[in-house]
Every structure is written in C-alpha cells, then in structure tokens.
Amino acid sequence: MNLHTLTPAKGSVKKPKRLGRGEASGKGGTSTKGTKGHQSRSGFKNKRGHEGGQMPIQRRLPKRGFKNPGRVEFRIFNLGQLEMAAERLDLKEVTPESLFSHDLIRKQDKVKILAGGELKRKLPFRVSAVSEAAKKAIETAGGTVEII
C-alpha cells in the first residue's frame, strides 16, 4: 500500500449537483429553485421569523399584559419562616446582611416581612418593608422594626 494508491471508500464521495448548466441536465433554467419570487434570486437569505408570506406567529397572537418598569421586587418572608430560620441558624437579628450570609437571599434583594406564622422570640428587624400586622406581631414579641 502506498500513499498514491489510497482512495476513499466506495460510495463515500458524491459529486455535487451541477445546477444551471443547461436544460438537458434537468437542473437548468431555474436551477431547481422554482419560479419567480425573492427565494429564487441570488443572495436570498431568510429573515428570522419569516413564514413564507403567511402572517407571522408574533403578529397572529394577541398582545397581553404589561410590565411595570417601576415595580419594586421584594423577597418575601413570613414570621413563621423567620422563626424557624432563627432557631435553625441561630440568628440574632434579621437584616439583609445576615440573611445573605446564610444564603437565604441574594446580595441585591430587598426584604419584606409578612405576618404569616408566629414569632416567639425577641428579634431586631432591619428590612426594606414590613406589613402592619407583622410589625404589630414583632413588637408584641418584644422585637424592634427599622425600615431601611
């Protein structure tokens, strides 16, 4: 066996279609692209979302909803959740820094406290927002609330 005698396996190499080389080839004239229209022209490129003239799906479906650009997203905690977290993680205070250090929130999250559940221990709270019922429950348990 020599390098000059090597050939590809039988059937592995195919000759390309020779388009536009006369009517006798069977692939002349329109070069298998059909007749007329922008798809038959040279340089044609489909745009994203193009459906061949059919009304595109983003125009067939109705618009719904509204995204408020001024919305403030809070990470919500109920008093019962914080009671369990304080017991399990031995929290001395509830602040964004202490919650972040225990992987309960992300660094940029704002924290809001709601009144779900029951708070039995005296804890100081420094949070972004708190509901009236939660504030009353925290102060009843002997804790303090500071809005930051």
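Under the criterion of Cα pairs below 8 Å and six or more residues apart, the relative contact order for the chain equals 15 percent.
Backbone geometry of region 11-20 corresponds, through the Karplus equation with coefficients 6.51, -1.76 and 1.60 at θ = phi - 60°, to 3J(HN,Hα) couplings of x, 7, 10, 10, 7, x, 5, 9, 8, x Hz, x marking Gly and Pro.
Of Ala134, Gly49, Ser98, which is farthest along the charge dipole of the chain in the positive direction, counting Lys and Arg as +1 and Asp and Glu as -1 at C-beta? It is Gly49.
Restricting attention to region 74-147, lysine pairs at least eight places apart or on different chains and with alpha-carbon atoms under 14 angstrom apart total 7.
In the list (i) 21.4; (ii) 22.0; (iii) 23.2, the label attached to mean projected area of the Cα convex hull in nm² as derived from the coordinates here is (iii).
For Lys17, a cut-off of 17 angstrom between C-alpha atoms picks up these lysines, skipping any fewer than 8 places away in its own chain: Lys27, Lys33.
If we count chymotrypsin sites (Phe, Trp or Tyr not before Pro) as exposed when they sit in a DSSP loop and have at most 10 other beta carbons within 10 Å, what is the longest stretch of the chain that avoids them all? Each step should come with its number before you reach the end.
Values: sites that count: Phe44, Phe66.
Answer from the scan: 67-148.
Per-residue 3J(HN,Hα) values for region 65-71, derived from phi via the Karplus relation 6.51 cos²θ - 1.76 cosθ + 1.60 with θ = phi - 60°, read x, 7, 9, 6, x, x, 5 Hz in sequence order (x marks Gly and Pro). Amide H contacts of Lys110 (H built 1.01 Å from N, in plane; Pro and chain starts excluded): Arg75 sit under 5 Å, all sequence-distant by 5 or more or on other chains. For the chain, the longest principal axis of the C-alpha atoms and the axis of helix 79-89 are separated by about 90°. Calculated from the alpha-carbon coordinates, region 74-147 shows an Rg and a Dmax of 10.8, 30 Å respectively. Across region 51-59, coupling constants 3J(HN,Hα) worked out from phi with the 6.51/-1.76/1.60 Karplus curve, θ = phi - 60°, read 10, x, x, 5, 4, x, 4, 5, 9 Hz, and Gly and Pro carry x.
Secondary-structure-derived ellipticity at 222 nm for the chain, considering helices only, amounts to -5500 deg cm²/dmol, per-run term -39500 (n - 2.57) for DSSP H runs with n ≥ 4.
All of the numbers you see were taken from the coordinates with simple rules; none came from a lab. Not measured: the values here are computed from a predicted model. Cβ sites come from the backbone with ideal geometry, for glycine too, and all protein chains shown count toward neighbours.
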